[in-house]
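J.: One structure, pasted below without further comment.
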Amino acid sequence: MPAILHLLPYLVAAWLLLCGLYGIVTSRHLVHAVVCLAILQSSTYVLLLGIGFRLGGSAPIFADISTSKLVVDPVVQALMLTDVVVEAVVVALLLAMVVKAHEKSGSVSPNDLRTMRG
Amino acid sequence: MKSFANPPISPALVVAVPLLGAALLAAARKILNRVAIDALALLISLATLCLCSTLLAGSIHHGASVYWLGGWWPRGSMALGIGMVIEPIGAGLAVLASLLTFLALLFSWRFIDDGSKHLQPLMLIFLAAMCGFSLTGDLFNIFVFFELMSIAAFALCGLKTTEPAPLQGSFNFAITNSVAGFMILTGIALVYAVTGALNMAQIGLSLGSRHDPLVLFAWTLIACGFMTKAAIVPFHLWLPDAHAVAPTPVCVLFSGLMVELGLYAVARIHYAIFDQTTAAHPTAFHNILFAFAAATVLIGGVMCYAEHHLKRMLAFSTVCHSGLMLAALASGGPLGLAAMLTYLLAHAFVKSALFFISGVLLHNRRSITERELFASGRQMPHAKLLGSLWIFGAVGLAAAPPLALLLGEAGAEKAADLHNLHGVAFVFIFGGALTAGAVLRVGMHTFFGWGDGTLSDRAADIGELPETKPENRRIRAYHIIPPALCILLAIALFAVPGWLHTLRNAAAAMANQPAYLHTTYTGQNVPLTQPSWLHELPGAAVRGGAALLLGLLLALSSVFRNRLPRPLRTGAFLEHGFRPLRIIQSGHPGDYVFWLVVGVSLFGGASMIFLR
């Protein structure tokens with residue numbers, strides 16, 4: 001397999017990271033900022049799965065395969081699942097705040113939310 | 001197989017008890033009335049305090065021990081399970097967390113009358129996360145507790161949804177700290193890719209002295225992620241917004257411990273994992289950390305003096321003191337670490353007391369801005385007691401006797417001397433003078449009514465709605481006891497410095513990678529000692545006194561600005577603040593993340609160039 005394919009998951013992870021960061025920095029809409037945060041987090045999913053991937057490895061369930069068979073790393077998959085739970089909570093909480101902010105100020109722009117600065 | 005020294009009780013309990021308690025309270029909050037919820041929450045935090053104290057006592061008397069969850073002991077050098085390392089420093093932080101939570105819950109007795117009863121369960125979740133964070137020996141576990149702590153903190157910060165400002169503060173807090181969390185996770189993933197391990201001791205073992213770009217990149221991401229929690233410049237921008245709007249008992253936990261736990265994590269991870277990585281260029285490593293620390297002290301101190309919203313001012317003072325703690329850590333070696341932890345402990349009590357008193361002002365005088373509070377503190381009950389506690393707080397921030405911050409300052413100076421790092425004493429005097437000056441200025445205006453009127457700024461003029469019902473403005477015993485106890489503890493720690501011996505030796509063990517490895521794998525204590533620095537106290541007391549005097553002069557030149565000739569109005573000049581610094585504090589989450597990226601690039605670039 002060409003080297004570029006081994007690198008691909010890492011390149012995708014870096015690309016998602018940059019996209020997410022760019023999106024948050026330039027965001028003019030609170031929901032947009034939250035979604036960009038979710039994109040930023042998907043970069044960690046890709047990175048974790050990329051790290052655990054073994055070429056030709058099968059799923060790490062040893063019920064019906066021999067224990068000497070090559071499998072992908074189950075630890076990073078567990079980490080990724082934890083990560084998914086974390087993201088679900090953070091995004092839910094942030095979206096709830098956006099709803100509250102919209103109720104209070106009728107706006108979803110971070111510029112209108114700014115009461116306190118300086 | 002089982003050669004491990006067992007801790008006196010299962011350390012999993014200190015996480016499980018508050019977590020289950022929080023679930024219980026959340027489930028029962030519709031049935032139980034407010035008093036029952038408050039009493040239950042106090043009881044649970046007290047139980048956690050007892051459990052943590054048992055662990056601490058066990059780790060002091062019988063040495064450090066390790067607890068492997070589910071009995072998954074390591075096989076050879078391979079740590080399969082999740083280990084909790086019970087040593088005096090982690091256990092001590094857990095005790096501090098439960099003590100502060102207990103005091104904060106006591107202070108919030110019948111406080112924040114929106115009737116939703118969300119505060120108590122969230123505080124307990126926050127406590128569970130802080131306890132787990134300080135005790136765990138597993139890198140991924142640290143991330144999980146970091147996120148649990150963050151999520152509870154976001155919710156606590158935005159609790160007062162009746163105002164727009166808490167939403168802004170909480171949103172910015174959540175965005176920046178989540179980005180920091182993902183940076184930490186990316187760093188952990190890279191470390192796992194290199195070593196195939198998640199236990200900190202095992203990672204340290206297999207990483208050895210590797211310092212290639214990948215390892216340095218992972219170190220950068222992890223360090224910057226935790227420094228975002230620790231509010232180090234330029235990652236600090238979320239902190240004032242969050243502190244200014246969070247309910248007072250929550251501010252106590254934020255400033256007293258949560259921010260400092262970020263620094264604890266940087267220290268813990270550096271010494272357990274990356275110690276040999278940076279050992280090739282120790283001077284460069286200390287200089288990088290010290291540069292960030294000095295910038296933090298400078299910006300935190302200057303902004304602290306320029307704020308007129310009490311909580312926001314104290315928040316910037318926390319930024320400044322977080323920088324001072326990083327400076328102590330950057331002074332290097334076990335001595336620097338011991339100094340940082342001493343400072344952390346004393347600062348937690350002093351800053352908590354100041355936040356409690358500003359909470360009392362908000363409760364009784366119905367305002368939190370310096371302009372509206374002018375001369376109004378004199379009219380409230382217990383004004384003399386509260387005023388003197390406030391002044392004691394200022395003395396503490398300047399690291400002057402008789403408060404225990406002085407002990408930390410002396411240690412940092414001694415460590416810097418040993419490592420030929422210059423300017424640490426100057427940084428401490430600068431930060432101490434500005435923050436003590438700001439607190440003294442507010443004290444003179446509020447409790448003494450000196451001078452003629454105060455300046456103000458935009459953030460202060462937003463103000464804050466009171467947290468209690470207007471018809472109930474009485475100051476009760478539970479408003480006075482927490483701040484008084486905090487100040488008394490800070491004085492007692494100074495007056496009876498016998499505990500310093502334990503902390504010093506525990507820090508020596510924490511800063512020694514082989515000792516940490518040995519403890520994790522065998523569960524046995526490694527007795528290490530380091531010399532006392534108490535003979536440095538007279539010099540430190542002089543420096544602390546000088547900082548206090550400078551702060552006092554600054555505050556006087558602010559308060560009596562109209563009677564001074566123009567060139568002497570230093571205080572008023574500083575009070576106006578510096579426009580670029582105020583512009584950076586823009587209140588826009590995008591800007592904050594931009595500065596975060598800048599900070600990571602600077603830290604990472606410096607690490608790549610100087611630590612290769």
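J.: Just to confirm a number: summing +1 for Lys and Arg and -1 for Asp and Glu over residues other than B:L40 whose beta-carbon lies under 12 angstrom from that of B:L40, what do you get? Show your work: numbers first, answer last.
T.: Working: positive: B:R29, B:R34, B:K117; negative: B:D38.
That works out to +2.
J.: Please work out the FRET efficiency for the pair B:I481 and B:D461, using the Cβ-Cβ distance as r and a Förster radius of 22 Å; give the result to the nearest 0.05. Walk me through the numbers on the way to the answer.
T.: Details: r = 33 Å, r/R0 = 1.48.
With R0 = 22 Å, the Cβ-Cβ based efficiency is 0.10.
J.: Report, in degrees rounded to the nearest 10, the 0 to 90 angle that the Cα long axis of helix B:333-365 makes with the longest principal axis of chain B.
T.: 30 degrees
J.: Sticking with this structure for a sec: For chain B, take the convex hull of the Cα atoms, compute a quarter of its surface area, and give me that in nm², please.
T.: Values: hull surface 98.4 nm².
Averaged projected hull area, Cα only: 24.6 nm².
J.: Against the longest principal axis of chain A, how steep is helix A:3-26, in degrees 0 to 90 to the nearest 10, with axes from Cα atoms?
T.: 10 degrees
J.: How many angstrom lie between the Cα centre of the range A:1-71 and the Cα centre of the range B:116-140?
T.: Here the answer is 29 Å between Cα centres.
J.: Nothing charged except the Cβ atoms of Lys and Arg (+1) and of Asp and Glu (-1): what's the magnitude of the dipole of the protein assembly as shown about its Cα centre? Round to the nearest 20 debye. Intermediate values should be presented prior to the final figure.
T.: Details: 42 positive and 32 negative charges, 248 e Å.
Dipole size: approximately 1200 debye.
J.: Picking from B:H309, B:A327, B:V427, whose Cα lies most toward the positive end of the charge dipole for chain B (charges on Cβ: Lys, Arg +1; Asp, Glu -1)?
T.: Most positive-ward Cα: B:H309.
J.: Using a 7 Å offset from the Cα along the Cα-to-Cβ direction at both B:F448 and B:A546, what is the distance between the two label points in nm, to one decimal?
T.: 2.4 nm
J.: For B:M183, B:M608, what ranking results if the residue with the fewest other Cβ atoms within 10 Å of its Cβ goes first? Mind showing how you got there, number by number?
T.: Numbers: B:M183 24, B:M608 13.
Result, fewest neighbours first: B:M608, B:M183.
J.: Okay, next question. How tilted is helix B:164-195 with respect to the longest principal axis of chain B? Cα atoms for both, answer in degrees (0 to 90, nearest 10).
T.: That works out to roughly 20 degrees.
J.: Based only on other Cβ atoms within 10 Å, what is the fewest-to-most ordering of A:L113, B:L421? Can you show the working numbers first?
T.: Details: A:L113 26, B:L421 20.
Listing A:L113, B:L421 from fewest to most nearby Cβ atoms yields B:L421, A:L113.
J.: Could you give the distance between the Cα centres of the range B:186-259 and the range B:521-594, to the whole Å?
T.: With the range B:186-259 and the range B:521-594 each reduced to a Cα centre, they are spaced 24 Å.
J.: What number, rounded to the nearest 500 deg cm²/dmol, is the helix-based mean residue ellipticity at 222 nm of the protein assembly as shown, given -39500 (n - 2.57) per DSSP H run of at least four residues and division by all its residues?
T.: -23000 deg cm²/dmol
J.: Label A:S58 and A:A3 with points 7 Å out from Cα along Cα→Cβ: what is the distance between them in nm?
T.: Going by the 7 Å Cα→Cβ label model, 3.3 nm.
J.: Classify the range B:238-302: rounded, prolate or oblate, from the alpha-carbon gyration tensor (a ≥ b ≥ c, eigenvalue square roots; a/c under 1.5 rounded; otherwise prolate if a/b is larger than b/c)? Before the final figure, lay out the partial values.
T.: Numbers: a/c = 4.57, a/b = 1.82, b/c = 2.51.
In terms of gyration-tensor shape, oblate.
J.: While we're on this one: Net charge around B:T228, counting only other residues with Cβ within less than 15 Å of its Cβ (Lys, Arg = +1; Asp, Glu = -1)?
T.: Numbers: positive: B:K229; negative: B:E147, B:D241, B:E260, B:D591.
Residues close to B:T228 contribute a combined charge of -3.
J.: B:A279 to B:L581: extension gain in nm, 0.36 nm per residue of separation minus the Cα-Cα distance? Don't skip to the answer; put the middle values down first.
T.: Working: separation 302, 0.36 × 302 = 108.72 nm, distance 3.54 nm.
That works out to 105.2 nm of additional length.
J.: Using Cα springs under 10 Å in a Gaussian network model of chain A, which residue among A:I39, A:I24, A:I65 shows the largest mean-square fluctuation?
T.: Greatest mean-square fluctuation among the candidates belongs to A:I65.
J.: May I ask which residue of B:V350, B:T220, B:I288 lies farthest towards the positive end of the charge dipole of the protein assembly as shown, with charges of +1 (Lys, Arg) and -1 (Asp, Glu) on Cβ and the Cα centre as origin?
T.: Projecting each Cα onto the dipole axis, the largest value belongs to B:V350.
J.: Out of all Cα-Cα pairs in the range B:215-362, roughly what percent, to the nearest whole number, are more than 21 Å apart? Walk me through the intermediate numbers first.
T.: Working: 4303 of 10878 pairs.
Here the tail beyond 21 Å accounts for 40 percent of pairs.
J.: Suppose R0 equals 30 Å. What FRET efficiency, 1/(1 + (r/R0)^6) with r the Cβ-Cβ distance, do B:N287 and B:A492 give to the nearest 0.05?
T.: Numbers: r = 36 Å, r/R0 = 1.21.
For R0 = 30 Å, the calculated efficiency reads 0.25.
J.: Continuing with the same structure: What ranking of B:Y271, B:Y516 emerges when the number of other C-beta atoms within 10 Å of each C-beta is taken as an exposure proxy, fewest first? Could the numbers behind the result be given before it?
T.: Details: B:Y271 21, B:Y516 25.
Fewest to most other Cβ atoms nearby, the residues stand as B:Y271, B:Y516.
J.: Provide, in order from the shortest bin, the percent of all Cα-Cα pairs of the protein assembly as shown in each 20 Å bin, continuing until the bin that contains the maximum pair distance.
T.: With a bin width of 20 Å, the distribution comes to 18, 54, 25, 2, 0.
J.: Another question, if that's okay. To one decimal place, what Kirkwood hydrodynamic radius in Å is obtained for the range A:61-108 from all pairs of distinct Cα atoms? All intermediate terms of the calculation are to be shown ahead of the outcome.
T.: Working: mean 1/r = 0.0712 Å⁻¹.
With all distinct Cα pairs of the range A:61-108 included, I get 14.1 Å.
J.: Turning to a different aspect of this structure: Say a paramagnetic label sat at a point 7 Å from the Cα of B:M608, along Cα to Cβ; which residues of the range B:197-215 have their backbone N under 20 Å from it?
T.: Counting backbone N atoms under 20 Å from the label point, the list is B:210-215.
J.: Cross-link list B:K384/B:K469; A:K100/B:K117; B:K229/B:K351; A:K100/B:K351: which exceed 22 angstrom alpha carbon to alpha carbon?
T.: Going by Cα-Cα distance, B:K384/B:K469; A:K100/B:K351 fall outside the 22 Å limit.
J.: A further question on this structure: So, by mean Cβ neighbours within 10 angstrom, what's the order for B:259-267, B:54-62, B:391-399, B:448-456 with the highest one leading? Spell out each step's value before the answer.
T.: Numbers: B:259-267: 25.2, B:54-62: 19.0, B:391-399: 28.9, B:448-456: 15.8.
Result, highest mean Cβ count within 10 Å first: B:391-399, B:259-267, B:54-62, B:448-456.
J.: Also, quick follow-up: Return the distance in nm (one decimal) between the two label points of a simple spin-label model at A:L11 and B:L43, each offset 7 Å from Cα along Cα→Cβ.
T.: Here the modelled spin labels are 6.2 nm apart.
J.: On full extension of the chain, what length is gained from B:L534 through B:D417, given 0.36 nm per residue of separation minus the C-alpha to C-alpha distance? Mind showing how you got there, number by number?
T.: Details: separation 117, 0.36 × 117 = 42.12 nm, distance 1.45 nm.
Contour length minus Cα-Cα distance gives 40.7 nm.
J.: Next up: Only four residue types carry charge here, +1 at the Cβ of Lys and Arg and -1 at the Cβ of Asp and Glu. Report the dipole size of chain B about the Cα centre in Debye, rounded to the nearest 20.
T.: Numbers: 35 positive and 26 negative charges, 189 e Å.
That gives a dipole near 900 debye.
J.: What size of dipole, in debye to the nearest 20, comes out for the range A:61-108 about its Cα centre when the only charges are +1 on Lys and Arg C-beta atoms and -1 on Asp and Glu C-beta atoms? Can you show the working numbers first?
T.: Details: 3 positive and 5 negative charges, 39 e Å.
Computed about the Cα centre, the dipole is about 180 debye.
J.: Which Rg and Dmax, in Å, describe the Cα atoms of the range B:373-503?
T.: In Å, with Rg to one decimal and Dmax whole: 18.2, 59.
J.: Quick one: net charge around B:V85, please, counting Lys, Arg +1 and Asp, Glu -1 for every other residue with C-beta under 15 Å from its C-beta.
T.: On the way: positive: B:R268; negative: B:E87, B:D138.
Here the charged neighbours net out to -1.
J.: Among B:G92, B:A242, B:L548, which residue has its Cα positioned farthest towards the positive end of the charge dipole of the protein assembly as shown, with +1 placed on the Cβ of Lys and Arg, -1 on the Cβ of Asp and Glu, and the dipole taken about the Cα centre?
T.: Of the options given, the answer is B:L548.
J.: Please find the FRET efficiency linking A:L18 to B:M78, where r is the Cβ-Cβ separation and R0 is fixed at 45 Å, and quote it to the nearest 0.05.
T.: Values: r = 36 Å, r/R0 = 0.80.
That pair, A:L18 with B:M78, gives E of 0.80.
J.: Next up: B:K384 to B:I9: extension gain in nm, 0.36 nm per residue of separation minus the Cα-Cα distance?
T.: Working: separation 375, 0.36 × 375 = 135.00 nm, distance 4.43 nm.
Answer, rounded to one decimal: 130.6 nm.
Rule-based calculations on the coordinates, nothing more; no lab input. Computed from a prediction, not measured in an experiment: that's the story for all the values here. Reconstructed Cβ throughout: ideal geometry from the backbone, glycine too, with neighbour counts over all protein chains shown.
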